[in-house]
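Engineer: Please find one structure pasted underneath; my questions will follow.
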Amino acid sequence: MAALNSVIHSAPEILGGTPVFCGTRVPVKNLLDYLAAGDTLDEFLEDFPTVRREQAVVALELARDFLTAGAHTAR
């Protein structure tokens, strides 16, 4: 969870508790929305320059790990 706490922050006084990238007011959901719309990571980073590439990559890795945590490998 250390990686999560160093990349994503949630507090009631920042956008009503919406998870944002640490040190910014950019919701993590914006990154997922960009990718879902077919935009690239570079396009997201260009539009939200306060988010560092490392933050975005860790957020995506955390999402992947969360979504595949209970997955069974094919035999």
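The values are calculated or read from the model by the stated rules, or taken from the named source; none is laboratory data. Computed from a predicted structure; not experimentally measured. Cβ coordinates were reconstructed from backbone atoms using ideal geometry, including for glycine residues, and neighbour counts include every protein chain displayed. Quick note on the areas: whole protein, heavy atoms, side chains included, nothing else; ligands and nucleic acids left out. Shrake-Rupley method; radii C 1.70, N 1.55, O 1.52, S 1.80 Å.
Engineer: What is the magnitude of the charge dipole of the chain about its Cα centre, with +1 placed on the Cβ of each Lys and Arg, -1 on the Cβ of each Asp and Glu, and no other charges, expressed in debye to the nearest 20?
Structural biologist: My answer is approximately 320 debye.
Engineer: Further question: What residues have an amide H closer than 5 Å to that of ILE8, excluding those fewer than 5 places away on the same chain, when H is modeled at 1.01 Å from N in the peptide plane?
Structural biologist: It is CYS22, by chain and number.
Engineer: Using every alpha carbon pair in the chain, what percent of pairs falls into each 10 Å bin from 0 up to the bin containing the largest distance?
Structural biologist: 18, 48, 26, 6, 1
Engineer: What residues qualify as long-range amide H neighbours of VAL26, i.e. H under 5 Å apart, gap of 5 or more or another chain, H built at 1.01 Å from N?
Structural biologist: Amide H to amide H, under 5 Å and 5 or more residues apart or across chains, VAL26 pairs with PHE21.
Engineer: With unit charges on the beta carbon (Lys/Arg positive, Asp/Glu negative), name the residue among GLY16, HIS72, THR40 whose Cα is farthest towards the positive pole of the charge dipole of the chain.
Structural biologist: Positive-most Cα among the choices belongs to HIS72.
Engineer: Let me ask you something else. Which percent of the accessible area of the chain is formed by carbon and sulfur heavy atoms (probe 1.4 angstrom)? Display every interim value, and only then the final one.
Structural biologist: On the way: 3090 of 5280 Å².
So the carbon and sulfur contribution to the accessible surface is 59 percent.
Engineer: At 1.4 Å probe size, with every protein chain present, just tell me what the per residue accessible area of the chain comes to in Å². List each step's numbers first, then the result.
Structural biologist: Numbers: 5280 Å² over 75 residues.
That works out to 70 Å² for each residue.
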